[in-house]
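Engineer: Quick one: the structure is below, and I'll ask about it shortly.
The values are calculated or read from the model by the stated rules, or taken from the named source; none is laboratory data. Nothing here was measured: the structure is a model prediction, and the numbers come from that model. Methodologically, a virtual Cβ is constructed for each residue, glycine included, from the backbone with ideal geometry; neighbour enumeration extends over all protein chains shown. Ligands, DNA and RNA are excluded from the accessible area calculation, which covers all protein heavy atoms including side chains. Shrake-Rupley method; radii C 1.70, N 1.55, O 1.52, S 1.80 Å.
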Amino acid sequence: DIINASKCNATIRSGCRVVATIRVGSAPLAAAVDERTDTVYVTNGNDGTVSVLNGARCNARVTRGCRPVATVKVGTGPVAAVVNPVTRTLYVANVAAGSVSVIDAARCNAKITRGCRRPARTVTDKASPSWLDVDSATDTVYVANSVTPGTVSVIDGAACNGHTGRGCGRVPATVTVGASPFALAVDRASDTVYVANFVNEFNGGSVS
């Protein structure tokens, strides 16, 4: 669903409605935006795919192009995605496959789709990756792994990105965090990663 943020925000509420709807794959779970190409990538959890949308033709003001321009095959159960604008790479966390897919966003976007048909590179992460974020300053990808005991995988984005796969076969370093981490965020200003550790019947919630 698409909402006009200029007419639906903290001070203006007159336009708080859905202005358009895009049909993508089954069970869309997350979206990532590449502002450089005005591309929206949507992970389809049941299909093992990523839908590629043209943000210039499908947004709060223009809705004539609200349909996928391409579909990318990734691993089983894609639940999260993030774009590194520096290396022009899309990383996708595949929770059921135990992997992270690495897609060349320079050749798979709203304007250029020929690279969307190529097989994505893969980083093996068997601890059920559930979320990820990128520190573009150090070219590092941090991945929250939801299997208990919880860990965060640390992937070298300089050696594994849309342009090179020489480091994609390496086993990522890991950091032990709280139980069942399901999300994380990178604060680039303070060089800090915050990890949300899910509350369950065995432990209290925490942030690492």
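Engineer: Picking from THR76, THR63, which residue would you name as being in contact (Cβ under 8 Å) with a residue 60 or more places away in the chain and either among the aliphatic types (A, V, I, L, M) or in a loop (DSSP other than H, G, I, E, B) (or both)?
Structural biologist: Being in contact (Cβ under 8 Å) with a residue 60 or more places away in the chain and either among the aliphatic types (A, V, I, L, M) or in a loop (DSSP other than H, G, I, E, B) (or both) holds for just one of THR76, THR63, which is THR63.
Engineer: So, in the stretch 169-185, exactly how many residues are within 20 Å of VAL134 (Cβ to Cβ) and either open to solvent by less than 90 Å² (accessible area, probe 1.4 Å) or not in a loop (DSSP other than H, G, I, E, B) (or both)?
Structural biologist: 11
Engineer: Tell me, which residue of the stretch 195-208 that is in a strand (DSSP E or B) and surrounded by fewer than 15 Cβ atoms within 10 Å (Cβ to Cβ) is modelled with the lowest pLDDT?
Structural biologist: Restricting to residues being in a strand (DSSP E or B) and surrounded by fewer than 15 Cβ atoms within 10 Å (Cβ to Cβ), the top hit is ASN203.
Engineer: Still on this structure, I have one more. Is the stretch 130-144 home to any residue that is part of a loop (DSSP other than H, G, I, E, B), farther than 27 Å from ALA189 by Cβ and either of a type in the set (A, V, I, L, M, F, W, C) or free of Cβ contacts under 8 Å to residues at least 60 places away in the same chain (or both)?
Structural biologist: The answer is no, given that none of the residues of the stretch 130-144 is part of a loop (DSSP other than H, G, I, E, B), farther than 27 Å from ALA189 by Cβ and either of a type in the set (A, V, I, L, M, F, W, C) or free of Cβ contacts under 8 Å to residues at least 60 places away in the same chain (or both).
Engineer: Are there any pairs, at least 6 apart or on different chains, whose C-beta atoms fall under 6 Å, with the first in the stretch 10-31 and at pLDDT 95 or above and the second surrounded by fewer than 13 Cβ atoms within 10 Å (Cβ to Cβ), and if so, which?
Structural biologist: Cβ pairs passing all conditions: VAL18/ASP1; THR21/ASP1.
Engineer: Considering each residue of the stretch 23-56, count those that are open to solvent by less than 30 Å² (accessible area, probe 1.4 Å), outside any strand (DSSP E or B) and under 15 Å from ALA93 (Cα atoms), and give that number.
Structural biologist: The number of residues fulfilling the criteria is 2.
Engineer: Residues in the stretch 155-168 that are in a strand (DSSP E or B) and open to solvent by less than 40 Å² (accessible area, probe 1.4 Å): how many?
Structural biologist: Within the stretch 155-168, residues that are in a strand (DSSP E or B) and open to solvent by less than 40 Å² (accessible area, probe 1.4 Å) number 1.
Engineer: Does CYS108 count as open to solvent by less than 10 Å² (accessible area, probe 1.4 Å) and either at pLDDT below 95 or touching a Gly at 6+ places or on another chain (Cβ under 7 Å) (or both)?
Structural biologist: Yes.
Engineer: What is the one condition in (1) touching a helix residue (DSSP H, G or I) at 6+ places or on another chain (Cβ under 9 Å); (2) surrounded by fewer than 21 Cβ atoms within 10 Å (Cβ to Cβ) that ASN59 does not satisfy?
Structural biologist: With (1) touching a helix residue (DSSP H, G or I) at 6+ places or on another chain (Cβ under 9 Å); (2) surrounded by fewer than 21 Cβ atoms within 10 Å (Cβ to Cβ) applied to ASN59, the lone miss is (1).
Engineer: Here is a follow-up. Only residues that are closer than 23 Å to TRP131 by Cβ and acidic (Asp, Glu): list them for the stretch 1-43, please.
Structural biologist: Once the filter is applied, which keeps residues that are closer than 23 Å to TRP131 by Cβ and acidic (Asp, Glu), the stretch 1-43 yields ASP1, ASP34, GLU35.
Engineer: Of GLY150, GLY77, which residue is at pLDDT below 95, crowded, with 19+ Cβ neighbours inside 10 Å and not β-branched (Val, Ile, Thr)?
Structural biologist: GLY150
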